[in-house]
1. For segment A:25-100 and segment B:579-627, what is the separation of their C-alpha centers, rounded to whole Å?
2. Using a 10 Å cut-off around each Cβ of peptide A:192-203, what is the average number of partner chain Cβ atoms that fall inside?
3. Hull surface divided by four, with the convex hull built on the Cα atoms of segment B:281-378: how many nm²?
4. For chain B, take the longest principal axis of its alpha carbons; what is the angle in degrees between that and the long axis of helix B:254-266, to the nearest 10 within 0 to 90?
5. Please give the FRET efficiency for residue A:237 paired with residue A:148, using the beta carbon to beta carbon distance and R0 = 35 Å, rounded to the nearest 0.05.
6. Per residue, what volume in Å³ does the Cα convex hull of chain B take up?
7. How many times 2.2 N^0.38 Å is the alpha carbon radius of gyration of segment B:738-798?
8. Over all residues in B:728-735, what is the mean tally of Cβ atoms on other chains that come within 10 Å of each residue's Cβ?
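Read the figures in this text as sums done on the coordinates, not as results from a lab. Source: prediction; values computed, not measured. Neighbour counts run over all protein chains shown; Cβ positions are idealised from the backbone, glycine included.
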């Protein structure tokens, strides 16, 4: 009895003066160690007692053991915490020291713009499809209601290949016909991609650039529903209401053919050099799909109507990053590209 | 096309609108206006003067002193900086108090009596820039020597209060009627709801004219030939020459000017032959080998597809395109044969394109000029000639009409137009618009039977959608209501859908996981570049009309463009690690049909991913690590690399590999050939080119099977083996895999060591075995057994376990 009480008292006293985790471990071995711990020895002594003694002493022993173990745990926790606190100041680093860096790359602004636009159109219900850059006259022109004799062929300067009938596509519109032929009607697709125009390059023209084309075919497309989709798109892209208007525009593959204009962002529509004092800037060609184009796509023009649109990405990108020369969009100088 | 507002007002009373209002109204309802040009003078107080004396300025080398008179008596001393002045010239003189424009800024300023470098200057001699008028030459603007001294310049130049409306020709591709003022006046009358009064010209009766014979296959629609006497090739009166010049047509003489005036008014091109030279006319196809010299002396080798207008002795004009030198109006002309013909649009277009002669006439005929316009325009020309020459006589008239055009009928319903536009329409409004445009509208209730006028050509108004466009143009697009469309759901076939996902993920994977920057290189390459990469130009598709002469070939590999990027950046950037996603074009047929019938093929145009690494290391190993990282990022199975000892010529034959996933070949990876590197002056550089469709084929069609976390820990055991250099690491790994080592979960090479105690030609490879049993923790003897089995397999390859 006395042994147990004094062991408990002395242990608790000793714990008060233990100053390190090593001393604590040593004390713990002395008291609770499995082989030679003082408390362990007392517990072994229980074997020689009679039943009555065993029961009452056993109880006392358990209480004392729990008390001692709890005291050890509390002391251990306190010492650890003190150790951490003591180490904090010595572990302080200079946060401005040089560090090892990984390399990071840049996704090209044209790709980013394409992704952003495709993602917005996806939210509006469009699915992205792609098509070949080397095209045939049949898809690039004939299927789009521009037969070989049509004056509209002059509207786009074309790169022709050394194989008769092949060319670099002048627009993403041939994919309208390809999509209708493979996916059927109804459908809603957007077509991002590179297009080619045989024009001299200058600050606003390049012979290769990227476009986005859209096509919706369903039984209840109308010019008004086209207008409504465009308003949703513009709100999503610019993040706010922005003045827009449709006006007549001639493209052989749409009828009615329209051009969508945006209120000039530079002058808020009052007229400036950027908008040639018109207050409006052309954004894209659009309109209801010509019945001959639906027919070329294998879609019944008596049952379905469609609307289509297409615009180049260069101007949007140039506006966003305030770039004044379109040719810089094809710069491969990494010092330039790393800024995007 | 330029339109004179004053002229348009002769046909419909256009109200007084500002430039912006005018431009906006036409842009939003007809076609885009490029600009409105104000012809009203920007100067005031400028009169006609004559230079009497010119002398050197005593104090300035670049100035001269003049004495100039504006009334024949006064002697104004005026200093002038222009070099083109001489005694006797008649020039514009700004007197003190006059307003002119600053030559540089265009801002108005007032002339004062002044002194320039010590010499008095009582006014200013003006250049075109200072007057805001088109310049004919540099320096002081030269006036007609017969101009009356002292007259206000605006009167001498015939400047009035007109404004010009400029519309780009390509917006008028579909509108033959808008190539004349009548057509635009008609549009404005519908738009502004003003009355339209077009001249009701009719050909008077006349004797039979010269014989006109029309040959087969010319596709001529109509030919009107008027024999007109009593004309003279005198200069045009100012009202006529000025109108033409303002509208961009050079004034020639009164007769030619009238033909051009009528063309600008009606849209119908006319041609005048000298009647002395033309006794008969034959409209026929050119004979084989026939040539024709145009009025300006260019000789054209004609095609048997070209239509010519011939006299007795050969071609006089290329039909609908250009006239010849001998048959046209000359100084001695007193009688003419006036041609008002209607040529086939397609044939005219082809002829004009073939001979590079896009004349005002050809540009109009290719738009499908209304054949019923020919006699009207001829009559109108006769009226103008009569106005100019009181003695004009219509001595003969010949008319051949081969393909009369009647108004076409388009049947539709009000409901159909409403459905197309998504807009409720009033029948009365639809009728007003269509009638105003020249249509006849019939039908009851919902029915619309529309007779389309011939002046819109044969193709422009043929369907209900065409009519809907006419209606909405004048109702206004701003009237369209908000109509929410139920968007159709488009489902791509699974491979296409996965392709789209992969293409969406690839750029970010390359940029973020690999740290590479995306570049867009030129899709066109030069012959020299191909040869530098040991590629045969004849195996490449080529442009027949490249923009940059050198860049005529379509790339078949991304390696050329990427290497040029390395070359461009290697001196200025610390590291060059770039990628490109792009189509290449192969000299073989692909799968996509080129025509709508599906009988011919486009060249194969695979989408490629190119990666170039030239950041100091540029070794094959660095590149391989990047590709493994890429596959992991894309959640593809780990790629395999098989040595390629005969790679493409631009790669190092000892440091190149095929990249595979499973049995699918993704592409190649290797270091640039040292010879090419030397040529391009590049450090060690590695480049990979993978096929996007192959990557796609390896992407899992289904989500991978996911196992629960293992219940028992694995044991890792390293085995090092010394082997001959010739033995590839992959061979060692494969041998262990094949050896059926018990409990082997994975084996991977973790280190290669050379040197130390190893003899030359030997390397030590450390393989890490991952061992695990599904149902218990491995015991020591099991681990030893596994190591022993692996070691045995390695020893068989001649290795020595270390």
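1. Answer, in whole Å: 68.
2. Numbers: counts 1, 1, 4, 0, 4, 1, 4, 1, 2, 2, 0, 0.
So the per-residue partner count for this stretch is 2.
3. Details: hull surface 25.7 nm².
Mean projected area of the Cα convex hull: 6.4 nm².
4. Result, in degrees: 60.
5. Details: r = 37 Å, r/R0 = 1.06.
Computed FRET efficiency for residue A:237 and residue A:148: 0.40.
6. On the way: hull volume 232.3 nm³, N = 802.
Looking at chain B, the number lands at 290 Å³ per residue.
7. Working: Rg = 13.8 Å, N = 61, 2.2 N^0.38 = 10.5 Å.
Ratio of Cα Rg to 2.2 N^0.38 Å: 1.32.
8. Numbers: counts 0, 0, 0, 0, 0, 0, 0, 0.
Rounded to a whole number, the mean comes out at 0.
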